[in-house]
Amino acid sequence: MSHTVASTPDAVTLAQQLIRFDTTNPPGHEAACVRFVESLLSDAGIATRIVAKDPERPNLVARLPGRGEAPPLLLHAHVDVVPTAGQDWTHPPFSGDLRDGHVWGRGAIDMKGSLAGMLAALLRLTAYGTPPAGDVILAVVSDEENGSAVGARYLVQEHAHLFDRVAYAVGEDGGAGLELGGRRRLHPIVVAEKRAVWLRATFHGPAGHASRVTPAHAAPRLLARLLNALDDGGLGPRSTEAGTRMLTELAAAHPGPLGEALLRFRDDPADTAALDALSERDARYLCSVSRHTANPTVIRAGTKTNVVPGEISVDIDGRLLPGPFTTDGFIAELKDRAGFPMDVEVLVEGEEMPGPVFGPFYDRLAGVLRAADPDGIPVPMVTTASTDARLFPQLGIASYGFMPLLLGAGLPYRDLLHAPDERVPVQALRFGAHCFEQLLLSYP
Ligand SMILES: [Zn+2]
């Protein structure tokens, strides 16, 4: 390490500083946190620009010039976090405390810890005067956790020119977690996301006195049929390109009965018995990325105990697999399952993320992880969540979820996303910063 360069802030300190800004969304209030990042980068001589639809909720786009030998690379990170209200935390969620080898607080994993790693890498490259092959664009955005309207969606729709010529983007991993018994340390690289299609199904039947048996077409009986039809929320099993590749690589990483079971499930996603060897959590995850899901969440029915309601509505959180699946097709499948007429209104329809791109850049991401952790195995993953990675493909940018963390096997840190006691091990943060630095140095 050079003795001529003053030390740059490390990822642990940066994560603590970022966590201390309360950016709970809603309402967000990301401005102070974004300004903090702005001054950090501009003090280091990196060009920054604030782009805001709402001045209280700005976005920052920074650009580190490269050697002009490769197209620009985009790193994106959101600074907003989900609420902590009603959760029981061991340490205050915005303390950024360092305890027991962990940085504690909301955002430690999702995703201020990751942003800290990106910043540490950029600052080191700048301090050491080692420009990457292409420009590196860092987009620090607001509002990922609540629709991205003033964040990444605004950038993509109104400031697309800032991302000219960008071919690849790297953002959060969206929580694609799989332990597989902790036999091998897996490093997920998210190559595809499910998309949200939220619906409201409304159906009618005769209203009337609740003192007698009800007819077959009474709304409460239709409700029972609908809930039954949706059962665990999984619709018909389907294979996707991303899922198939994921299962193939997971199987290769686990030779023996587990690998064989994964291949059985790959070849026939209806064969859920193949997943019996997995934990319930892993089995549910693999089922969820081989099916659209439709979970009833809000039911509106009735106003009085002795009156059978004539109308019932059910809000359904639908998540569609990545690939050529349409909202209309999803609704048709849902109606077919229910088996009775209903009106379906689309409440929210997420952007389609294109199919996965496997190629030199994916190989680069995997190579960085393999070099940094020879015992770990990078695997392509599909996530059930949706992130800002769904928006950048609209600019022709292939987007990946890359959240390099060195976690002990079997420790479910990804389960702490949006949960109380979110925290991240110090060595995981440093590992992440190292991986981002290696990515920038070795790109393309
Ligand atoms: Zn996130």
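Yes or no: GLU38 over 22 Å from THR8 (Cα atoms) and not aliphatic (A, V, I, L, M)?
On the way: over 22 Å from THR8 (Cα atoms): no; not aliphatic (A, V, I, L, M): yes.
For GLU38, the condition - over 22 Å from THR8 (Cα atoms) and not aliphatic (A, V, I, L, M) - is not met.
Hey, can you tell me all the residues within region 180-224 that are among the small types (Gly, Ala, Ser) and either under 30 Å from THR305 (Cα atoms) or open to solvent by 30 Å² or more (accessible area, probe 1.4 Å) (or both)? Step through it out loud before you land on a result.
Keep residues of region 180-224 that are among the small types (Gly, Ala, Ser), which gives 181-182, 192, 196, 201, 205, 207-208, 210-211, 216, 218-219, 224.
Selection gives GLY181, ALA201, GLY205, ALA207, GLY208, ALA210, SER211, ALA216, ALA218, ALA219, ALA224.
Being without any contact (Cβ under 8 Å) to a residue 24 or more places away in the chain and under 18 Å from GLY177 (Cα atoms) is the filter here; which residues of region 247-261 pass it?
The first filter runs over region 247-261 and keeps only residues without any contact (Cβ under 8 Å) to a residue 24 or more places away in the chain, leaving 248, 251-252, 255-257, 259-261.
Residues satisfying the conditions are THR248, ALA251, ALA252, GLY259.
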Q: Within region 399-406, identify whether any single residue is farther than 22 Å from ALA253 by Cα, out of contact with any Asp or Glu (no Cβ under 6 Å at 6 or more places or on another chain) and modelled with pLDDT of 95 or more, and answer yes or no.
A: yes
Q: Would you mention how many residues in region 67-101 are more than 16 Å from the ligand (Cβ to nearest atom), part of a loop (DSSP other than H, G, I, E, B) and surrounded by 20 or more Cβ atoms within 10 Å (Cβ to Cβ)?
A: 2
Q. So which residues in region 326-345 are open to solvent by 60 Å² or more (accessible area, probe 1.4 Å) and under 23 Å from THR383 (Cβ atoms), if there are any at all?
A. THR326
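Here's the yes/no breakdown for (1) hydroxyl-bearing (Ser, Thr, Tyr); (2) assigned to a helix (DSSP H, G or I); (3) open to solvent by less than 60 Å² (accessible area, probe 1.4 Å); (4) touching a strand residue (DSSP E or B) at 6+ places or on another chain (Cβ under 6 Å):
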position: THR244; (1), (2), (3), (4): yes, yes, yes, no
position: ALA261; (1), (2), (3), (4): no, yes, yes, no
position: ALA273; (1), (2), (3), (4): no, yes, yes, no
position: LYS304; (1), (2), (3), (4): no, no, no, no
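Does SER42 qualify as being away from the ligand (no atom under 16 Å from the Cβ), free of Cβ contacts under 8 Å to residues at least 60 places away in the same chain and out of contact with any Cys (no Cβ under 6 Å at 6 or more places or on another chain)? Even if it seems obvious, please write down each step before you answer.
Working: away from the ligand (no atom under 16 Å from the Cβ): yes; free of Cβ contacts under 8 Å to residues at least 60 places away in the same chain: yes; out of contact with any Cys (no Cβ under 6 Å at 6 or more places or on another chain): yes.
Spelling it out, SER42 is indeed away from the ligand (no atom under 16 Å from the Cβ), free of Cβ contacts under 8 Å to residues at least 60 places away in the same chain and out of contact with any Cys (no Cβ under 6 Å at 6 or more places or on another chain).
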Q. From the set of residues in region 306-325 that are under 30 Å from VAL213 (Cα atoms) and among the acidic types (Asp, Glu), which is least open to solvent (accessible area, probe 1.4 Å)?
A. ASP315
Q.
Being more than 29 Å from the chain's Cα centre (by Cα), more than 15 Å from ASN295 (Cα to Cα) and in contact (Cβ under 8 Å) with a residue 24 or more places away in the chain is the filter here; which residues of region 327-352 pass it?
A. GLY339, PHE340, PRO341, MET342, ASP343
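Suppose the filter is surrounded by fewer than 22 Cβ atoms within 10 Å (Cβ to Cβ), within 16 Å of the ligand (Cβ to nearest atom), modelled with pLDDT of 95 or more and not β-branched (Val, Ile, Thr); does ARG153 pass it? Please lay out each step first, then the result.
Values: surrounded by fewer than 22 Cβ atoms within 10 Å (Cβ to Cβ): yes; within 16 Å of the ligand (Cβ to nearest atom): yes; modelled with pLDDT of 95 or more: yes; not β-branched (Val, Ile, Thr): yes.
Yes.
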Q: Check whether at least one residue in region 336-351 is at pLDDT 95 or above, within 12 Å of ALA201 (Cβ to Cβ) and part of a helix (DSSP H, G or I), and report yes or no.
A: yes
Q: Identify, from the list LEU395, LEU405, the residue that is in contact (Cβ under 8 Å) with a residue 24 or more places away in the chain and out of contact with any Gly (no Cβ under 8 Å at 6 or more places or on another chain).
A: LEU395
Q: Scan VAL136, VAL141 and give me the residue that is over 20 Å from LEU406 (Cα atoms), of a type in the set (A, V, I, L, M, F, W, C), buried (at least 24 other Cβ atoms within 10 Å of the Cβ) and under 16 Å from the mean Cα position of the chain (by Cα).
A: VAL141
Q. Does any residue of region 355-363 turn out to be touching a residue at least 24 places away in the same chain (Cβ under 8 Å) and more than 30 Å from HIS434 (Cβ to Cβ)?
A. yes
Q) When ARG281 is evaluated against the numbered criteria (1) open to solvent by 30 Å² or more (accessible area, probe 1.4 Å); (2) closer than 30 Å to GLU349 by Cβ; (3) modelled with pLDDT of 95 or more, which criterion, by number, is the only one it fails? A) (3)
Q: May I ask you to list pairs of residues, at least six apart or on different chains, whose Cβ atoms are under 7 Å apart, with the first in region 310-321 being in a strand (DSSP E or B) and the second being open to solvent by 20 Å² or more (accessible area, probe 1.4 Å) and small (Gly, Ala, Ser)?
A: ILE312/ALA301
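Quick check on my filter: what residues within region 163-179 are more than 16 Å from the ligand (Cβ to nearest atom), open to solvent by 20 Å² or more (accessible area, probe 1.4 Å), touching a helix residue (DSSP H, G or I) at 6+ places or on another chain (Cβ under 7 Å) and not aromatic (Phe, Trp, Tyr)? Give the steps one after another, and end with the answer.
Narrowing region 163-179 to residues more than 16 Å from the ligand (Cβ to nearest atom): 163-168, 178-179.
Then drop every residue that is not open to solvent by 20 Å² or more (accessible area, probe 1.4 Å), which leaves 164-165, 167-168, 179.
Of the ones still in play, those that are also touching a helix residue (DSSP H, G or I) at 6+ places or on another chain (Cβ under 7 Å) are 168, 179.
Result: GLU179, single match.
The values are calculated or read from the model by the stated rules, or taken from the named source; none is laboratory data. Being a predicted model, the structure only gives us computed values, none of them experimental. Methodologically, a virtual Cβ is constructed for each residue, glycine included, from the backbone with ideal geometry; neighbour enumeration extends over all protein chains shown. With ligands, DNA and RNA removed, areas are computed over all heavy atoms of the protein, side chains included. Shrake-Rupley method; radii C 1.70, N 1.55, O 1.52, S 1.80 Å.
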